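**Q** My questions all concern the structure below.
The values are calculated or read from the model by the stated rules, or taken from the named source; none is laboratory data. Quick caveat: nothing in here was measured; it's all calculated off a predicted structure. When we count neighbours, we look across all protein chains shown, and the Cβ atoms used for this are built from the backbone with ideal geometry, even at glycine. Calculation scope for accessible area: heavy atoms of the full protein, side chains included, ligands and nucleic acids excluded. Shrake-Rupley method; radii C 1.70, N 1.55, O 1.52, S 1.80 Å.
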Amino acid sequence: QVQLVESGGGLVQAGASLRLSCAASGSTFNNAHLAWYRQPPGKQRELVAIINSGSSTNYADSVKGRFTISRDNAKNTVYLQMNSLKPEDTSVYYCKLLLPPRSYWGQGIQVTVTS
């Protein structure tokens with residue numbers, strides 16, 4: 001069983017930066033694809049960024065140029081560096097580990113950006 005634990009969220013002003021971390025248990029990390037999702041208040045969960053096992057990345061248009069996803073296989077950790085934060089980035093952020101056919105979610109962490 002894989003467990004994912006997010007950290008690094010908080011309350012910041014617009015224009016600030018935050019780095020989210022997601023630490024995974026288990027020995028399957030190196031072969032897994034990793035993603036960050038977010039769920040704004042009253043809206044559906046949406047994909048923010050994804051990094052595959054070969055470290056290729058993709059981003060939602062709304063965060064391109066501001067957010068960077070990365071992974072450290074030695075630490076079983078995936079990161080989301082968020083720069084130039086906007087109030088519309090306010091959400092609960094979730095990490096997801098994908099090892100088809102299985103996938104695992106973290107518990108979520110709140111990011112609040114004030115104007």
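**Q** Using a Förster distance of 25 angstrom, determine the FRET efficiency expected from the C-beta separation of S70 and L98, and round it to 0.05.
**A** After rounding, the FRET efficiency stands at 0.90.
**Q** In nm, to one decimal, how far is the Q110 label point from the L47 one, both placed 7 Å along Cα→Cβ?
**A** 2.9
**Q** Then there's this: Of the heavy-atom accessible surface of the chain (probe 1.4 angstrom), what whole percent is carbon and sulfur?
**A** About 46 percent, which is the carbon plus sulfur part of the accessible surface.
**Q** So, one more: Leaving out ligands and nucleic acids, note down the accessible area per residue over the chain with a 1.4 angstrom probe, in whole Å².
**A** 52
**Q** To continue, here is another question. I need the Kirkwood Rh of the chain: take the reciprocal of the average 1/r across all distinct C-alpha pairs and report it in angstrom.
**A** 14.0
**Q** Assuming R0 = 25 Å, can you tell me the calculated FRET efficiency for the pair R19 and A60, based on Cβ-Cβ distance, to the nearest 0.05?
**A** 0.90
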